[in-house]
Amino acid sequence: MQSKLKIAFIGGGNMATALIGGLLPDVTAPEYLHVVDPHQESLDKLVRQFGVAGALQLDASIEQADIIILAVKPQQLRQVAAALAPYLSGQLVLSIAAGIRSVDIARWLNGYNKIVRSMPNTPALIGKGVTGLYATSGVSPEQRSAADHIMQAVGSTVWLEDESLIDAVTAVSGSGPAYVFYFIEAMQQAALELGLPAAQAMQLALATFDGATRLALQSAEPVAVLRDRVTSKGGTTYAALTSMEDHGVKAAIIQAVKAAAARGKELGDEFGAQT
């Protein structure tokens, strides 16, 4: 059943496009969606593609929205919030801007506290994303449910009771697709060096990741058990995993994810310092 909640997007980039595509036509209809983007070309593309309403700048029409999604770059958010603040009167503000904490968004919105902060990832572009969400105390149960419904249009959701854990979500799933692509690149390179043609190297690497992920999702067993089942003592998989352990691959991955989380906190500090 379609929702009749009016949703306004401030920013019409890739993630906004993914969300709009996920919401239509099952979750809502084009007449309930409004996009504000200062770039005429981007705006025209969204209007043509989805039939949504569009505007080049914020104005009083934003007051009609039930939910306002902040889909701009982090460095643009303070300025956008200053322009948005006068039009707020109970709407849910859903931010998908990386790194910006809800306390800083609230401050830029003159103390407004109906805010949900989210951290989606790029597989949302094909409806396979996962999003971490945090709601401030001013968000009603109905608004929380609406935010969840919106983000589930492009994948699954994980709700956090401690906003500081958004940095961990950013490090694991927000940045995570890049780690997977990096490993796929390494597997393709190894396949090439072992003599396989480029097309077959890519096919084998991609299909292996796809199949292993699907197996892990469908199995009730922990991934460690699935790994053990492929690993015979003294066999080929054992040789590969032993080499990885000897080279500290697992430790390096763990350290890399922690570095991403630390950088996420640093960015929150940097962006939040804006006045």
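The values are calculated or read from the model by the stated rules, or taken from the named source; none is laboratory data. This structure is a prediction, so every number in the text was calculated from the model and none was measured. Note that we place each Cβ from the backbone using ideal geometry, even for glycine, and neighbour counts take in every protein chain shown.
Let's see how each residue does on (1) of a type in the set (A, V, I, L, M); (2) over 22 Å from GLY176 (Cβ atoms):
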| residue | (1), (2) |
| --- | --- |
| PRO197 | no, yes |
| MET202 | yes, no |
| PRO222 | no, no |
| LEU226 | yes, no |
| THR231 | no, yes |
Practice problem: Quick one: which residue in SER61, SER102 is over 16 Å from MET15 (Cα atoms), of a type in the set (Ser, Thr, Tyr) and either modelled with pLDDT of 95 or more or crowded, with 20+ Cβ neighbours inside 10 Å (or both)? | Solution: SER102
Practice problem: Please work out which one of (1) crowded, with 17+ Cβ neighbours inside 10 Å; (2) charged (D, E, K, R); (3) in a helix (DSSP H, G or I) is the condition ARG117 fails and give its number. | Solution: (3)
Quiz item: Between residues in the stretch 227-249 that are of a type outside the set (A, V, I, L, M) and residues that are not in a helix (DSSP H, G or I), which pairs lie under 6 Å by C-beta distance while being six or more apart or on different chains?
Solution: THR237/THR231; TYR238/THR231
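Condition check ((1) at pLDDT below 95; (2) charged (D, E, K, R)) across all residues:
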| site | (1), (2) |
| --- | --- |
| ASP66 | no, yes |
| TYR87 | no, no |
| ALA97 | yes, no |
| LYS114 | no, yes |
| LYS128 | no, yes |
| ALA135 | no, no |
| THR157 | no, no |
Quiz item: Picking from GLY21, GLY54, GLY13, which residue would you name as being more than 22 Å from the chain's Cα centre (by Cα) and either farther than 25 Å from ALA98 by Cβ or surrounded by 14 or more Cβ atoms within 10 Å (Cβ to Cβ) (or both)?
Solution: GLY54
Quiz item: Does ALA205 meet the test of being in a helix (DSSP H, G or I), assigned by TED's automatic domain parsing to the domain that holds ILE254, buried (at least 16 other Cβ atoms within 10 Å of the Cβ) and not polar (S, T, N, Q)?
Solution: yes
Practice problem: Check whether at least one residue in the stretch 217-235 is assigned to a helix (DSSP H, G or I), in contact with a helix residue (DSSP H, G or I) (Cβ under 9 Å, 6 or more places away or on another chain) and of a type in the set (Ser, Thr, Tyr), and report yes or no. | Solution: no
